[in-house]
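Beneath this line is the structure, given in structure tokens, with notes to follow.
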Amino acid sequence: MLTASYTAQVVEEPAQGFNSYGHSSSSAKHDRTRLEILRKDATLGRTFTSAPKQSNSVAPIRTAGSTTRMSQKSRRKLTLLVRNVEDYRYFLTLNYGSISPRDDRVAKKHLDRIKVWLTRRGLSLVWRQDFTKSGRVHFHLLLTGPVEKTALEVAWKRIIGVGDNARYTVHLGLIRNIESASRYLVKSKQSASNLVPTGYMNMGRFWGNSGPMRPKPEVCFEGTPRELAPLVRIALKIAKRHMMFRRRKRDNGVSGMVLWATGGTCLAQHLTRYWNSLHPDRPLAHPSSGLGGA
């Protein structure tokens, strides 16, 4: 039975074998299909009844310092988060100047301390570690609210251990276009920002977030593949081929894909009305109406 869920859940890994009609080309039978319409994009996920064949390849063992670049999957997940969370209001950059550390454990300790300073002031955030062409580390943060710049600059200088006369350590500005901010954070795959510089040790994560910040769906449809096939066909028709990121079926039997530029309240309302016309005995209300679905 189709249900509505308003708790965000990002489809983590892309799906193999979705054709242009919304049916899977895989021979495995599907158990459940989940279509989430987000603020700007959409996610489509499926769970298989039969577990797929296990791969003979061995997953790489990742340790601190083994990361050499920001992966495409990580860039895609960051893009999906930033594009579909509308609460980010301010763009913050934290610099080191000429004393940039060469050990990521040191930089992350500094980041953790400033995150605590910001969250104690009621702010949620997403952070991204970046590198200049000369190999200096710095951090970009998206904040949900304003912060007093002078106090922030004093706190950051105290954390990294520089004098009060140091310049250009903090830049704070208002976000006017969230898509531009998203592109600036992610950058291209070939950018030096996505590569760990030579001599930089113990590299960990490239990005993360603090606080309950997850993309919240405008509406979430969940049911059998046959039930959701008409809705999936509409979503796939709207999503241009070059906007889709297909993903392979994972060993845990879950697959999915991101449909870029296929979200929004208008589409959510249209799909909800279409579903209700197909299944009048099981109406589903759009969350903005404040009513519950049967």
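The values are calculated or read from the model by the stated rules, or taken from the named source; none is laboratory data. This structure is a prediction, so every number in the text was calculated from the model and none was measured. Ideal geometry is used to build each Cβ from the backbone, glycine not excepted, and the neighbour counts take in all protein chains shown.
Within the group Gly122, Gly173, which residue is closer than 30 Å to Arg39 by Cα, in contact with a strand residue (DSSP E or B) (Cβ under 9 Å, 6 or more places away or on another chain) and either exposed (fewer than 13 other Cβ atoms within 10 Å of the Cβ) or modelled with pLDDT of 95 or more (or both)? Give the steps one after another, and end with the answer.
Details: Gly122 fails: in contact with a strand residue (DSSP E or B) (Cβ under 9 Å, 6 or more places away or on another chain).
Within the list Gly122, Gly173, the selection yields Gly173.
Within the stretch 251-294, if we keep just the residues that are polar (S, T, N, Q) and modelled with pLDDT under 80, the residue that is nearest to the chain's Cα centre (by Cα) turns out to be Ser255.
For every residue, the table says whether it meets (1) closer than 20 Å to Arg105 by Cβ; (2) free of Cβ contacts under 8 Å to residues at least 24 places away in the same chain; (3) over 24 Å from the mean Cα position of the chain (by Cα).
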position	(1), (2), (3)
Asp130	yes, no, no
Leu141	yes, no, no
Arg158	yes, yes, yes
Tyr200	yes, no, yes
Gly208	yes, no, no
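For the stretch 143-170, a tally of residues being more than 21 Å from Ile99 (Cα to Cα) and in contact with a strand residue (DSSP E or B) (Cβ under 8 Å, 6 or more places away or on another chain) returns 6. Hey, does the stretch 86-94 have a residue that's over 23 Å from the mean Cα position of the chain (by Cα) and among the aromatic types (Phe, Trp, Tyr)? Checking the stretch 86-94: not a single residue is over 23 Å from the mean Cα position of the chain (by Cα) and among the aromatic types (Phe, Trp, Tyr). Of all residues in the stretch 96-111, those satisfying the criterion of being more than 22 Å from the chain's Cα centre (by Cα), farther than 17 Å from Thr198 by Cα and modelled with pLDDT of 95 or more are Lys109, His110. All of Ala151, Ala181 fail the test of being surrounded by 15 or more Cβ atoms within 10 Å (Cβ to Cβ) and either over 30 Å from Gly263 (Cβ atoms) or not acidic (Asp, Glu) (or both), apart from Ala181. So for the stretch 79-93 (the condition being under 17 Å from Phe206 (Cβ atoms), touching a residue at least 40 places away in the same chain (Cβ under 8 Å), surrounded by 14 or more Cβ atoms within 10 Å (Cβ to Cβ) and touching a Phe, Trp or Tyr at 6+ places or on another chain (Cβ under 6 Å)), does at least one residue qualify? No, the stretch 79-93 has no match at all. Within the stretch 15-49, the set of residues being within 22 Å of Thr272 (Cα to Cα), part of a loop (DSSP other than H, G, I, E, B) and at pLDDT below 90 comprises Ser20, Tyr21, Gly22, His23.
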